[in-house]
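Asks: This is the structure I want to talk about, given as structure tokens.
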Amino acid sequence: MIGPEAQRARAQLKFWWLAWVFVGVSLLTIYSSFGQPPSVVRSSGSHPLTGLTGLLPLFLSIIIRWLVLPRCTHLKAALPWFIVGLALAEAAGLLGALLGGVYRANLCLLGLLGFLQYAPTFARQYLDPKPTGYIPNN
């Protein structure tokens, strides 16, 4: 890309980084501020596997990151998938922090790792796409 189109794409990429940083800061803030300590005894009516509900959004987030985003060809097409996947990774960490129970620290760590996989370093492929078709070796 050349000219104003490239400048617009780089500005959008800065938005990706800002969104990623703000989601990470909010996830860490909520984990440290509002999460229940692991020593809190859960109520007798709750199921012991309730804390593992954060694994479903994490799994969906991983699918979006490694199967959907690489197939997007343009920055504008990839942005909604990036936001949805990032939100699902954050949801996994939040569910782990708030409902995790004895699995709280482990689920928050998995949510944080799910969040880290969305670092927009992969988005450079949308700025300078690889050429397609036959390219001779001369």
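The values are calculated or read from the model by the stated rules, or taken from the named source; none is laboratory data. Predicted model, so just to flag it, every value in this text is computed and none were measured. A quick note on method: Cβ atoms are made from the backbone with ideal geometry, for glycine too, and the neighbour counts reach across all protein chains shown.
Asks: Applying the selection to the range 99-109, what residues are surrounded by fewer than 19 Cβ atoms within 10 Å (Cβ to Cβ) and either at pLDDT 80 or above or aromatic (Phe, Trp, Tyr) (or both)?
Replies: 105, 106, 109
Asks: When the residues of the range 61-83 are filtered to those that are β-branched (Val, Ile, Thr) and surrounded by 14 or more Cβ atoms within 10 Å (Cβ to Cβ), which remaining residue is nearest to residue 120 (Cα to Cα)?
Replies: Once the filter is applied, the top-ranked residue is 83.
Asks: Still on this structure: Just to be sure before I move on: is residue 122 touching a residue at least 60 places away in the same chain (Cβ under 8 Å), part of a helix (DSSP H, G or I) and among the aromatic types (Phe, Trp, Tyr) in the structure I sent?
Replies: So residue 122 does not fit the description; no.
Asks: With modelled with pLDDT under 90, closer than 22 Å to residue 127 by Cβ, more than 19 Å from the chain's Cα centre (by Cα) and not aromatic (Phe, Trp, Tyr) as the only criterion, which of 8, 42 stands out?
Replies: 8
Asks: Going through 127, 94 one at a time, which residue ends up being aliphatic (A, V, I, L, M), at pLDDT 85 or above and closer than 30 Å to residue 11 by Cβ?
Replies: None of the other options fit; the residue is 94.
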